[in-house]
Each structure stands twice: as C-alpha cells, then as structure tokens.
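The structure under discussion appears below in the form of structure tokens.
The values are calculated or read from the model by the stated rules, or taken from the named source; none is laboratory data. Just so it is clear, the model here is predicted, and its values are computed rather than measured. Here the Cβ is made from the backbone with ideal geometry for all residues, glycine too, and neighbour counts use every protein chain on show.
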Amino acid sequence: MLTREHFSELETRIGYRFSEPDRLRRALTHSSYATGEGKDNERMEFLGDAVLELCVSEELFFRFPHMKEGQMTRNRASVVCESALFEAAKQIGLGEFLLLGKGEDASGGRHKPSILSDAFEAVICAIFLDGGLEPARTFIHRFVLPLLHFGETAFEKDYKTRLQELIHAKTHGRQVTYALAHEEGPDHKKVFTMQAVLDGEVLGEGTGNSKQSAGQEAARVALERLEAK
C-alpha cells in the first residue's frame, strides 16, 4: 500500500506538492491493481500526453523560430515517444511507487517501458489537474526536455542510427555491431551491459533494463567520444 510518506518522497523527487494527493495515487494505479472501472490511470495518460505534446510544441515553436513544421514534428516525436518517457520515468524512480497487481509486479512490471512511460504521462496529468499548466510545464522542462538535446539540428534519430551514420561517413561502409558484455539480476529485474564494437574495438559501453536500451546507451557513449575528437 502506498503511504503518505511514499507520496512525500515522490513529491520531493518531482518538485511538486499535491493539494489533493489522490490525484497522484490514481496516476500511479495500473489497471492490474485497480479495484473498479475508471480507477486506473489510463484516462490520465490520455490527457497527460496532450499536455506533454503542447509543452514540447511550445518550446520548439518559440525557441526555434526558423525551424520548419516537418522538423518540429520529428523533433517532438523523438521526445514524446515511449523510450524517451521511459528514461524520464527512471530519473525519478517512478517504478518504486507504482500500484500494480501481484501478477504484474511479479513479472517485472515496475521496469517495463510501456508501464513506466504511461504512468509518467499520468503524473503529468495529475500535476496539471492539481495545479494547472504552469507546474506541469515546469515538470516537463525539468525531466523531459533535456532528453531532446535541443539545437537547430536537434536529434530526431536514435543513438544507434546516428552512430552508424557517423561511422559510415568516416569509414565508407564499416558496420558497428553490438555485443552483450554481461547481464546480472533476477529474471524480472535484469540489468544488461552492451558494447558498441567496430572491428574488434569497443567504442562505448552502456547498461539498461533491456538489451535494446543498453545498446542505445552504448551508442550514446560512443557518439560522445567520437564527436569529442
């Protein structure tokens, strides 16, 4: 059971105190836990997604007055997608606070990107309903927008794609491969370490709750190293 102390801890992490904590509780309630129709966070995800898109669109529109509509759309998509919101949710340890049914909890639901990203959108909704647009915007600016790496050429592709394009340009077609270095933890809470490798040389290493996310982190590290040269 989520206690008031748990609420306080999460509120401290996100930098917002709820006047009606039940809004936060519902945002954290997965359908596997809900005791009745309409008691879970699914409707809140819907509104939270709309608030998120508005705030990201607003940032792009005013920060980059010369960016074309198609570029803005692609840049927005890169930060409102499941993988980006999953990373944002992990920043605040959102999985610790979810209300899940026993089966979902046992199967690793607290670490599933789909569940965490949906709950993150629901938290945005809870803040919006409790305090209005301004605190919701502040929350999004703090935890979501930094993942976009804004710039006039703001990234719209995943790290693996960007790394391969960079390597291709420098080496005329050599391919980056990804190797599992090791994995640890129980089946429902695995942590993977992947390496980005080029001709036997490790370009970068990253960890994650899935091989895909660990591979993306390895590619990000490799990109930073190569672009710094």
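Test MET67 against the criterion of being surrounded by fewer than 19 Cβ atoms within 10 Å (Cβ to Cβ), in contact with a helix residue (DSSP H, G or I) (Cβ under 6 Å, 6 or more places away or on another chain) and in the same structural domain as PHE139 (by TED's automatic domain parsing), and give yes or no.
no
Within the stretch 115-158, count every residue that is assigned to a loop (DSSP other than H, G, I, E, B) and at pLDDT below 95.
The total comes to 11.
Which of the residues belonging to the stretch 214-229 are within 17 Å of HIS182 (Cα to Cα) and either among the charged types (D, E, K, R) or at pLDDT below 80 (or both)?
Residue satisfying the conditions is GLU217 alone.
Filter the stretch 1-41 down to residues that are assigned to a helix (DSSP H, G or I) and at pLDDT below 85, then give me how many there are.
4
Test of understanding: among LYS189, LYS102, which residue is surrounded by fewer than 19 Cβ atoms within 10 Å (Cβ to Cβ), over 20 Å from SER213 (Cβ atoms) and either at pLDDT 90 or above or touching a His at 6+ places or on another chain (Cβ under 9 Å) (or both)?
LYS102
Quick check on my filter: what residues within the stretch 62-95 are in a helix (DSSP H, G or I), without any contact (Cβ under 8 Å) to a residue 40 or more places away in the chain, farther than 24 Å from LYS160 by Cβ and charged (D, E, K, R)?
Across the stretch 62-95, the qualifying residue is only GLU69.
Working carefully through the options PHE86, PHE97, PHE18, PHE61, find the one that is over 17 Å from the mean Cα position of the chain (by Cα) and surrounded by 16 or more Cβ atoms within 10 Å (Cβ to Cβ).
It is PHE18.
Can you find even one residue in the stretch 69-85 that is closer than 19 Å to ARG220 by Cα and at pLDDT 90 or above?
yes
For the stretch 161-215, which strands (runs of 3 or more DSSP E) that fit wholly inside it have 2 or more residues that are of a type in the set (Ser, Thr, Tyr) and not assigned by TED's automatic domain parsing to the domain that holds GLY108?
177-184
Could you grab me the full set of residues in the stretch 196-214 that are surrounded by 21 or more Cβ atoms within 10 Å (Cβ to Cβ) and over 15 Å from the mean Cα position of the chain (by Cα)?
ALA196, GLY204, GLY206
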